[in-house]
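Novice: Structure in structure tokens, see below.
Every number here is computed from the coordinates shown, using simple stated rules; none is lab data. Owing to the predicted nature of the structure, the values given are computational and were not obtained by experimental measurement. With ideal geometry, Cβ positions are generated from the backbone for all residues, glycine too; neighbour counts draw on all protein chains shown.
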Amino acid sequence: MTDTTRDRVTKFFQKNVGNQVMGRMPFQTLLETTGRKSGEPRRTPLGGRRVGDEFWFVSEFGEKSQYVRNIMADPAVRVRIKGRWHRGTAHLLPDDDAAARLRTLPQFNSMGVRTFGTNLLTVRVDLTD
């Protein structure tokens, strides 16, 4: 399977199956961005880890991810961690070693990101509340 075919299959599954199911689970971590075209809230289930007043995660498709494009347009986000919403500012960190960062994050999600990811990008959210 070529990378582009794998990316299309992965994105289709995530959008139409995985995100729909996981987004409804009350304690699933969610990232809420503002749609850069619609201006509407966009929620994406993801894995990551809170460290103090920061939340760290790795995007598997980097700047090709819709939520990363939304962050580029407006870095003000919300993150739902353990059922509670937190406001914050997202920072894209292309110079961070995303593969090394994944080793510090929860292994279940990290395994999927490592397996399907083709353009890893570290993201840090500075939480404000």
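Novice: For segment 29-36, what does the Karplus curve 6.51 cos²θ - 1.76 cosθ + 1.60, with θ = phi - 60°, yield as ³J(HN,Hα) per residue in whole Hz, taken in order and with x for Gly and Pro?
Specialist: Couplings: 5, 10, 10, 10, 10, 9, x, 5 Hz.
Novice: How far apart, in nm, are two points set 7 Å out from the Cα along the Cα-to-Cβ line at Phe116 and at Thr89?
Specialist: 3.2 nm
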